[in-house]
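Engineer: Just passing along the structure, written as structure tokens.
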Amino acid sequence: MELDERTITRAILETQMEILLDYTDVDVAVVGGGPSGLAAASFIGSRGLKVAIIEKKLSVGGGMWGGGMMFPRIVVQDEAKRLLDHFSIRSAPYGNGYWVASSVESVAKLTAAACDAGAEFFNLMTVEDVMVREQGRLSGLVINWTPVEMAGLHVDPLTIGCRFAVDATGHDAVVARLVEKKSDAVRVKGEGFMWADRAESSIISHTREIFPGLIVTGMAANAVSGEHRMGPVFGGMLLSGEHAASLVIRDLCP
Ligand code: 48H
């Protein structure tokens, strides 16, 4: 078979353009492809909802790749071991109630689960604003290419409509902060000191709808609520993603 560059180029452009057009409106837009976002997207997608993951960087995985201080291992507590198993992430017991897994395998398997659940990935795209209509509900996201932001170019953005957005942007809680800038209804307290036990045991209660149509998950959930950080223990990220998904599903799949 003789390869033809024109066909290769058209294959990419036509396919992705069709997907972009189809995804100008989604059920759920997950902002951030770190562990909480990937877990949330996989559970949401597996219920047949149309879900997009918008990821600012070239690769998904967020802060999970680096494990603890670049040692590519993560720790997960007993409470979340069932989620390691759910995602077929291999783990070994350590001490009493701790499990250790490869950070690379964890990202790969979470990503594969989100793909298998039908989530569509939009990497290299940054959410730079939100849409809120008269009824006071978040109805969409304002997106632009990350390289545009990096180059400081003045290029107007495009939008993606959604019934729910999930802020999974980690420590910066970007979407929550965007809403905070323009509405008194949201206040981002900012994360507290490192205290793994407190941070992990509170994360589910912080994973909530902070503004109509906007759910926070993962480290963003703790940052919004002024909760502690937890270091490289990742059970809370998975549990929070699962909980964020259950909030969406409760509303959209009655
Ligand atoms: C699109 C964006 C934007 C934007 C950011 O940081 P993450 O891994 O987030 P979580 O909450 O799933 O996991 C947190 C965990 O990795 C961690 O940092 C922990 C446990 N820390 C504890 C501690 O004590 O330090 O992923 C967030 C993702 C990243 O991939 C960003 O690139 C992406 O969100 N992102 N995507 N538009 N505006 N901002």
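Engineer: Under the definition of Cα pairs under 8 Å and six or more residues apart, what whole-number percent is the relative contact order of the chain? Each step should come with its number before you reach the end.
Structural biologist: Numbers: 550 pairs, mean separation 59.1, N = 254.
Dividing the mean separation by the residue count of the chain yields 23 percent.
Engineer: Here's another thing I want to ask about it. Taking the alpha-carbon centroid of each part, what is the distance from the stretch 48-98 to the stretch 102-169 in angstrom?
Structural biologist: 20 Å
Engineer: Further, regarding this structure: In the stretch 5-42, which residues have a backbone nitrogen under 16 Å from the label point lying 7 Å from GLN135's Cα in the Cα-to-Cβ direction?
Structural biologist: 26-28
Engineer: May I ask you to evaluate 6.51 cos²θ - 1.76 cosθ + 1.60, the Karplus curve with θ = phi - 60°, for each residue of the stretch 173-178 and list the ³J(HN,Hα) values in order in whole Hz, giving x for glycine and proline?
Structural biologist: Result, rounded to whole Hz: 6, 4, 5, 4, 5, 5.
Engineer: Sticking with this structure for a sec: Around LYS50, which amide H atoms from residues at least 5 apart in sequence, or from another chain, sit under 5 Å from its own amide H, with H modelled in the peptide plane?
Structural biologist: Long-range HN contacts for LYS50: ASP27, VAL28.
Engineer: Provide the gained length on full extension for the span ASP251 to LEU158, in nm with one decimal, where the gain is 0.36 nm per separating residue minus the Cα-Cα distance.
Structural biologist: Residue separation times 0.36 nm, minus the Cα-Cα distance, leaves 30.8 nm.
Engineer: Then there's this: Where both residues lie in the chain, what percent of DSSP beta bridges are antiparallel, nearest 5?
Structural biologist: Close to 55 percent.
Engineer: Using modelled backbone amide H atoms (1.01 Å from N, in-plane), which distant-in-sequence or interchain residues come within less than 5 Å of GLY140's amide H?
Structural biologist: MET131, CYS162
Engineer: Label ALA92 and GLU149 with points 7 Å out from Cα along Cα→Cβ: what is the distance between them in nm?
Structural biologist: Each label point is offset 7 Å from its Cα along the Cβ direction, giving 3.8 nm.
Engineer: To the nearest 500 deg cm²/dmol, what mean residue ellipticity at 222 nm is calculated for the chain from DSSP H runs of n ≥ 4 alone, each contributing -39,500 (n - 2.57), summed and divided by the residues?
Structural biologist: Values: 9 runs with 99 residues, N = 254.
Roughly -12000 deg cm²/dmol at 222 nm, from the helical runs in the chain.
Engineer: Now, a different point. Pull out the extension gain between ARG73 and ARG10, defined as 0.36 nm times the separation in residues minus the alpha carbon to alpha carbon distance; nm, one decimal.
Structural biologist: Values: separation 63, 0.36 × 63 = 22.68 nm, distance 4.07 nm.
Length gained, ARG73 through ARG10: 18.6 nm.
Engineer: Taking 0.36 nm per intervening residue step and subtracting the Cα-Cα distance, what contour gain separates LYS182 from ALA196 on full extension?
Structural biologist: Gain in length upon complete extension: 1.8 nm.
Engineer: Determine how many Å³ per residue the convex hull of the Cα atoms of the stretch 148-222 encloses.
Structural biologist: Spread over its residues, the Cα hull of the stretch 148-222 gives 115 Å³ apiece.
Engineer: What list of ³J(HN,Hα) values in whole Hz, one per residue of the stretch 120-134 in order, does the Karplus curve 6.51 cos²θ - 1.76 cosθ + 1.60 (θ = phi - 60°) give from phi, with Gly and Pro shown as x?
Structural biologist: 9, 9, 10, 8, 6, 10, 10, 7, 10, 6, 10, 10, 9, 9, 3
Engineer: In bins 10 Å wide, starting from 0, what share of all Cα pairs of the stretch 25-252 does each bin hold, as a percent?
Structural biologist: 9, 36, 37, 15, 2, 0
None of the figures in this text is laboratory data; all of them are computed from the coordinates on show. Because the structure is a prediction, the values reported are computed rather than measured. Using ideal geometry, Cβ is built from the backbone for each residue, glycine included, and neighbour counts are taken over all protein chains shown.
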